[in-house]
Amino acid sequence: PGSTIANIINTPTGFRVYNENFGYYSLARMDSIIGALYNAYSPSNLVDTFHIGTTVGGNTIKVIKISDNAGTDEANEPECYFQGLQHAREAIGGSSMIFYALYLLENYATDIRIQNLVDNREIYIVICMNPDGWNYNLSNITATTNGTWRKNRKPNTSPYSGTGVDLNRNWSTGWGNC
């Protein structure tokens, strides 16, 4: 109690805040980080990457899988799913997912708690669930506003809804049936 987060969780050495986009990651930077994680950790089989679809803007929605056998579907292991930037204006979400992936991977060899977590789960991380909306919102961030666009960029034909779909409000009832 009373400790700052820096005294509880060390910032991963690979985590950077760049002097661009007011400290937020561009989609190109996110893609570069995903590639770097794959290159660094796939030889030890801790990381696999794939995509789950393509947006109307032609961007792919990329997934990082972290596990002790990331290239294999281990049916006996529970699966965990984390995602950032479903709403395009929630900028910290993408950074948080990058931080989390780096934290797990950098601490795997030295922290038995992290090793146990990774060895006994399949962890899926989507850094940016809404790349089209994020690109649009990022182009509207200024020193005084974080941007307000939350939806994707799907063109709508309805005269009532305008451009975009709010991804958070378009899951069917009982989605995932958890």
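Just a few scattered comments:
- Spin-label model distance (nm) - residue 72 vs residue 113, 7 Å beyond Cα toward Cβ: 2.8
- Tensor-based shape of the stretch 5-133 (alpha-carbon gyration tensor, a/c under 1.5 rounded, otherwise prolate or oblate): oblate
- When the chain is described by a simple charge dipole with +1 on each Lys and Arg Cβ and -1 on each Asp and Glu Cβ, the residue from 69, 2, 40 located farthest towards its positive end is 2.
- Heavy-atom accessible surface of the chain: percent carbon and sulfur, 1.4 Å: 52
- Each residue of the stretch 81-90 was assigned a 3J(HN,Hα) from its phi angle through the Karplus expression (A = 6.51, B = -1.76, C = 1.60, θ = phi - 60°), giving 10, 10, 9, x, 6, 5, 8, 4, 8, 8 Hz with x at Gly and Pro.
- Dipole size of the stretch 65-141 about its Cα centre, with +1 on Lys/Arg Cβ and -1 on Asp/Glu Cβ: approximately 360 debye, rounded to the nearest 20.
- GluC sites (Glu not before Pro) restricted to DSSP loop in the stretch 44-101 with at most 15 other C-beta within 10 Å: 74
- Simple Cβ-charge dipole of the chain, Lys/Arg +1 and Asp/Glu -1, about Cα centre, in debye nearest 20: 800
- Computed with a 1.4 Å probe over protein heavy atoms only, the accessible surface of the chain comes to 58 Å² per residue.
- Candidate aspartates and glutamates - alpha carbon under 19 Å from residue 154, same-chain residues fewer than 8 apart omitted: 90, 132, 166
- Were the residues from residue 20 through residue 44 laid out at 0.36 nm apart, the gain over their Cα-Cα distance would be 5.4 nm.
- The slack in the chain from residue 144 to residue 156, taken as 0.36 nm per residue of separation less the alpha-carbon distance, amounts to 1.3 nm.
The values are calculated or read from the model by the stated rules, or taken from the named source; none is laboratory data. Everything quoted here is computed from the prediction, not taken from an experiment. Note: ideal-geometry Cβ built from the backbone for every residue, glycine included; neighbour counts use all protein chains shown. Each accessible area value is taken on the protein alone, full model and side chains, heavy atoms only, with ligands, DNA and RNA left out. Shrake-Rupley method; radii C 1.70, N 1.55, O 1.52, S 1.80 Å.
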